[in-house]
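S.K.: I am attaching a structure below and will ask some questions about it afterwards.
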Amino acid sequence: MHSLCPQIGPQVSGAVWNPLDAHQDTPLLVRRLVAAFSDAGGRLIAPASVTAIEVETGRCRGVRLADGDVLACATVVVACGPWSNELLAPHGLGVPFQWTRFEAASTGAAPFRIGRVVAGQSLFRFFTPPGMDAAAFPRDPSEQIRPALGFTEQIASMPDGSIQFGCAYEIGSSHDQPTVAGQAMACSIMSRNFPALSELPITRQWAGLVAQTPDGLPVIDAACGIEGLMLNTGHFFGNLAGAFSGKLLAEAATRSDASYDITPFALNRFTGRGHAVRPRLSLAVFHHKSG
């Protein structure tokens, strides 16, 4: 273990190594997706806040922005993660979500590099295997600072030399800012398990919100009951799955051959309502907010 990751502290007695594990550079991924979108003829409007979907006689007509402008289009993709229901509710639609806040932090450039992605045992408590009691897993004393918080131990070196680490989480919370308790837990646990981390300056602390559906699967729906309205939301780990699900909806919008069947991800698996309409060809993608 120490030959693979020398920075691990002496109190950690063992680990499981998966050579296929990796982590992504999220800002780089976003830049690449934006570039691909632009190269394909798309137009990105940012910053902009969508406040309403314009629907007339059962068909999408566009979206209304916070400044009052209306962008006309025949197809709207709602890909707003946990905020999707703010746009869907006026039209009698909604996705059953459970919110979860995750907190993280970043340091300045470190004089060392963690050569492996590290995830701690608390992940087993977060994703509790069937038949096991999550409360039976050991907890770090700092996790008692605020019992509503849990902790998933994660740390990785970034290309610029900084270290990203975390993360405290709270199920059911829609509060999108980091907390003192959550950051204290992360700093305590991670600086003990990685002693060299304790000497680095913290340059950024943030929190992100995700929303999970009851069955853990996203809602990817090209025909949810309003002509021209498509849904791509409910990805609990959307950075990894969002790009592929976007490709699937693009195929549906252009009536291309489907590379994967999206029927199991339809919204009506929760509502019981059937689908009777198909999208018209014209695609506009909007993000309402970002977590």
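S.K.: Arranged from highest to lowest average of other beta-carbon atoms within 10 Å per residue, in what order do the peptides 209-219, 178-188 appear?
M.R.: Taking the mean over residues of other Cβ atoms within 10 Å, the ranking is 178-188, 209-219.
S.K.: Which residue, T75, T100, T271, has the most motion in a Gaussian network model of the chain that connects Cα atoms within less than 10 Å?
M.R.: T271
S.K.: Once you charge only the Cβ atoms, +1 for Lys and Arg and -1 for Asp and Glu, what is the size of the charge dipole of segment 1-156 about its Cα centre, to the nearest 20 debye?
M.R.: 180 debye
S.K.: Still on this model: Which listed residue (G182, S13, M158) has the Cα farthest towards the positive end of the charge dipole for the chain, taking +1 on Lys and Arg C-beta and -1 on Asp and Glu C-beta about the Cα centre?
M.R.: M158
S.K.: Follow-up question, since we're still on this one. Quick one: accessible area per residue over segment 170-243, 1.4 Å probe, rounded to a whole number of Å²?
M.R.: Ligands and nucleic acids excluded, the figure is 42 Å² per residue.
S.K.: Still on this structure: Want the number for H23 to S174: 0.36 nm per residue separation, take away the alpha-carbon distance, what's left?
M.R.: 51.8 nm
S.K.: Would you please put 152-162, 49-59 in order of how densely packed they are, using the mean number of other Cβ atoms within 10 angstrom per residue and starting with the highest?
M.R.: Order by mean packing, descending: 152-162, 49-59.
S.K.: I'd like the antiparallel share, as a percent to the nearest 5, of DSSP beta bridges with both residues in the chain.
M.R.: 85 percent
S.K.: So, one more: Given the options G225, G14, G208, state which has the largest fluctuation in a GNM of the chain using a 10 Å cut-off (strictly under) for Cα springs.
M.R.: G14
S.K.: Would you mind counting up the charge near I155? Only other residues with Cβ under 14 Å from its Cβ, with Lys and Arg at +1 and Asp and Glu at -1.
M.R.: 0
S.K.: Also, quick follow-up: Rounded to the nearest 20 Debye, what is the dipole magnitude of the chain about its Cα centre when Lys and Arg each give +1 and Asp and Glu each give -1 at the C-beta?
M.R.: About 200 debye.
S.K.: Add +1 for every Lys or Arg and -1 for every Asp or Glu among the other residues with Cβ under 13 Å from the Cβ of Q164, and state the total.
M.R.: -2
S.K.: May I ask which residue of T128, A89, L249 lies farthest towards the positive end of the charge dipole of the chain, with charges of +1 (Lys, Arg) and -1 (Asp, Glu) on Cβ and the Cα centre as origin?
M.R.: Towards the positive end, the residue furthest out is L249.
S.K.: Distance in nm between label sites at L217 and S198, each 7 Å beyond Cα in the beta-carbon direction?
M.R.: 4.7 nm
S.K.: Separate question: Using the Kirkwood formula on the Cα atoms of the chain, what hydrodynamic radius do you get, in angstrom to one decimal?
M.R.: After inverting the mean inverse Cα-Cα distance, the result is 21.1 Å.
S.K.: Right, here's the next one. How large is the charge dipole for segment 131-194, taken about the Cα centre, if only the Cβ atoms of Lys, Arg (+1) and Asp, Glu (-1) carry charge, to the nearest 20 debye?
M.R.: In debye, rounded to 20, segment 131-194 gives about 160.
S.K.: Let me ask something else. Compare P47, P264, P138 in a GNM of the chain, Cα atoms joined below 10 Å, and give the one with the largest fluctuation.
M.R.: P47
S.K.: Please name which of I262, G42, I114 has its Cα lying farthest along the dipole of the chain towards the positive end, using unit charges on Cβ (Lys, Arg +1; Asp, Glu -1) and the Cα centre as origin.
M.R.: G42
The values are calculated or read from the model by the stated rules, or taken from the named source; none is laboratory data. What you are looking at is a predicted structure, and each value in this text was computed from that prediction instead of being measured. FYI the Cβ positions are ideal-geometry reconstructions off the backbone, even for glycines, and counts take in every protein chain you see. Areas reflect the complete protein model, heavy atoms only, side chains present, ligands, DNA and RNA absent. Shrake-Rupley method; radii C 1.70, N 1.55, O 1.52, S 1.80 Å.
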